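Take a look at the structure below.
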Ligand code: GRG
């Protein structure tokens, strides 16, 4: 711990995450009122308020605060990112994609509302995300809001989540392991881009200068890939008891993971390197203000699931 600044050691990460999640949950609740036509609003609310960890909104708000912006400035953007995340989960779970029955410990949207409503709930959340972001506080310059909208659009479409999903689908059911480059392409596009958008949009909305925004982009790229490498390591080191609970899902069989390609030791070294690089990007900032983002990177690296 000797190398960790005392401001970061003192920082209460758990309380920070709980307080950001509470603010975001309240704003998301207000963003989707139960108006006519009820069923689609119910479906949107069902997935949006299903209790995700709210990592992306926390990243967005933390980046905004780090460059000197207030929490409330970033709140619409933080909600917009979570709306995109939620819609991507709804579509990912569909029978034509991963065909999952459970998400966040609850039945998936299509299992509760049927496939048509689940697709439409995803579509509606996608549109609402941009609507919400474009209605950010009028104290933010319209030019910054447009930059944020462009950032979110890029990471959502064919340069982002959609690209990751399509390449992932191409290799689903293929027995051969994919190469490291393809695996990284899938991880970067399916997972890292949205974490990057969350951080970068927060920094833009908070009024960060170009150099700060780009430093935070590099931080986010590292933690985005780290998220998936750690996921792969956790999959590889799951106890046989835990594997039993997920029997029927293709955890151990056909999915390519970093440990399968390069071994557990090299995967761990890769993860450590990504965490180091992420933290390096934060070194130029005030240590106390950077504490939430340092702790978020540590959380992603050391989480147990
Ligand atoms: C975006 C137009 C558009 C379509 C969707 C289906 C699809 C294209 C993309 C799939 C994206 C996907 C499901 C990526 C996985 C992301 C991921 C790491 C999820 C888990 O994130 P956590 O742990 O989850 O933050 P919680 O539940 O806590 O929010």
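A Gaussian network model of the chain, with springs between Cα atoms under 10 Å, assigns the largest mean-square fluctuation among 294, 229, 178 to 178. Can you compute log10 of I(q)/I(0) for the stretch 113-231 with the Debye formula, treating each Cα as one identical point scatterer, at q = 0.24 Å⁻¹? The Cα Debye sum returns log10 ratios of -1.31. Distance distribution P(r), the stretch 112-182, all Cα-Cα pairs, bin width 5 angstrom from 0: 3, 13, 15, 16, 16, 13, 12, 8, 4, 1, 0 percent. Taking all Cα pairs closer than 8 Å and separated by 6 or more residues, the relative contact order of the chain comes to 21 percent.
Taking max minus min of the alpha-carbon positions on each principal axis, the stretch 48-112 gives extents of 44, 19, 14 Å, largest first.
Of all the Cα-Cα pairs you can form in the stretch 27-77, what percent are over 12 Å apart? The answer is 67 percent, as a whole percent.
Here the chain is treated as a Stokes sphere of Kirkwood radius computed over C-alpha pairs; at 37 °C and 0.692 mPa s its diffusion coefficient rounds to 165 µm²/s.
Note on the chain: with a GNM built from Cα contacts shorter than 10 Å, the maximum mean-square fluctuation among 215, 154, 104 falls on 104.
Using every pair of distinct Cα positions in the stretch 2-153, the Kirkwood expression returns a hydrodynamic radius of 16.5 angstrom.
Each reported figure results from applying straightforward, stated rules to the coordinates on display, with no laboratory input. What you see is a predicted model, and the numbers here were worked out from it, not measured in a lab.
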